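Any read-out appearing in this document is the output of simple, stated calculations on the displayed coordinates, not a laboratory observation. Keep in mind that this is a model prediction, so the values were computed, not measured. Here the Cβ is made from the backbone with ideal geometry for all residues, glycine too, and neighbour counts use every protein chain on show.
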Amino acid sequence: MSEAATTLPAATGPAAPLPARRLPLVPILLFGLLALLPLAVSLGLPSHWLTLVTRAMIFAIAALSLDLILGVGGLVSFGHAAFVGIGAYATGIMITEGLAESLLILPVVLAACGLFGLVTGYVSLRTRGVTFIMITLAFGQMVYFLAQALSAYGGDDGLTLYQRSTVLGFDAFRSRTGFFYIVLGVLLACYLLVRVIVASRFGRVLRAARENATRVSVTGFQVAQVRLVAYVISGLIAGLSGFLLANQTEFVSPAFMSWPRSGELIFMVVLGGVGSLHGAIIGALAFLFAEDILAGWTEHWKVIFGPMIVLFVLFTRGGLVGLMRKLGAGRDD
């Protein structure tokens, strides 16, 4: 029996007694370890780990947003990095124009990403499969070339930021440790938000539509609208990661929204475990750490990294989260 057959009645029928819920031990352990990292660095861990993990958590936010539509909704977007780039460029342009206040930048970032998601989602979600992948790729590349054409803001060379965003006038992002905890707090908030969405009736309909959209439509749900809302929410969260990425690197570039970056986000989700949510976070951490270690060994690290990912995906079902379950080191949330 398909998952749709077991999930849809739960979304439409009378409420059934809920089974006893287990504590999500892996996410709790994961966020606990992340919170302790600054302390561990002060006790002797390499200091660049703080910057590396901050960057990994920013990409984890983007990967988590992708997991909402890919793992839960079954929509393989190959242009998801466009949202990251739009968030980063909106931040960079406003700072360049002298508007560094986060309370002004964030509404613009969310509005730009929401509008882009609404327009591109309305068009691309009319298709499925390979066509959907190609249309999202085309939209992503369209934004990429638009960024290259912004000669007033660096064009192909990118845009250097001479300050970070402020919060109510305070330079809250200047401290490495302070910025680390801000990113961690945003990641936790996004994770909890996506968990609530996935566990809601909306999330159950989205998951059921992945298995059998026709069956869901027959029961009266507007599958296209549900997918469009999920697509826009996913884009908003990814745009937030772009805002943080611009503030960490103090630089924005068209490369932020290139198709290889979208591919990397997909790899992070697959590496961690598609649909597990915390797997997207684990996948982003593993991806960035593996990249950092291999780059320290050889300048040709991509020649090793690519085959490693391909072999891992081929021989490990469920990614790192699936592997942990098999080894008995993790519990399903």
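What to note about this one:
- For the range 27-50, the residues whose backbone nitrogen is under 14 Å from a point 7 Å from the Cα of Arg176, taken along Cα to Cβ, are 37-50.
- Residue list for the range 97-116, given a label point 7 angstrom along the Cα-to-Cβ vector of Leu168 and an amide N cut-off under 18 Å: 100-107
- Mean-position separation - Cα centroids, the range 84-115 and the range 23-40, in angstrom: 30
- Mean Cα-pair separation over length for the chain, i.e. relative contact order, pairs under 8 Å, 6 or more apart, %: 33
- Share of Cα-Cα pairs in the range 15-123 lying beyond 21 Å, as whole percent: 59
- Length gained on full extension, Phe145 to Arg317: 58.3 nm, using 0.36 nm per residue less the C-alpha separation.
- Ellipticity at 222 nm from helices only: DSSP H runs of n ≥ 4 in the chain, each -39500 (n - 2.57), divided by the residue count, give -23500 deg cm²/dmol.
- Residues whose placed amide H lies under 5 Å from that of Glu101, excluding near-sequence neighbours: Thr166
- Net charge contributed by nearby residues that have their C-beta within less than 15 Å of Ala286 (K/R +1, D/E -1): -3
- When the charge dipole of the chain is built from unit charges on Cβ atoms (+1 for Lys and Arg, -1 for Asp and Glu) and taken about the Cα centre, the candidate among Asn212, Leu29, Tyr162 whose Cα reaches farthest toward its positive end is Asn212.
- Around the Cα centre of the chain, unit charges on the Cβ atoms of Lys, Arg, Asp and Glu (plus for the first two, minus for the last two) sum to a dipole of about 1200 debye.
- Residue among Gly73, Leu150, Ile133 farthest towards the positive dipole end of the chain, charges placed on Cβ: Gly73
- Rg in Å to one decimal, and Dmax rounded to a whole Å, for the range 189-285 via C-alpha atoms: 15.6, 50
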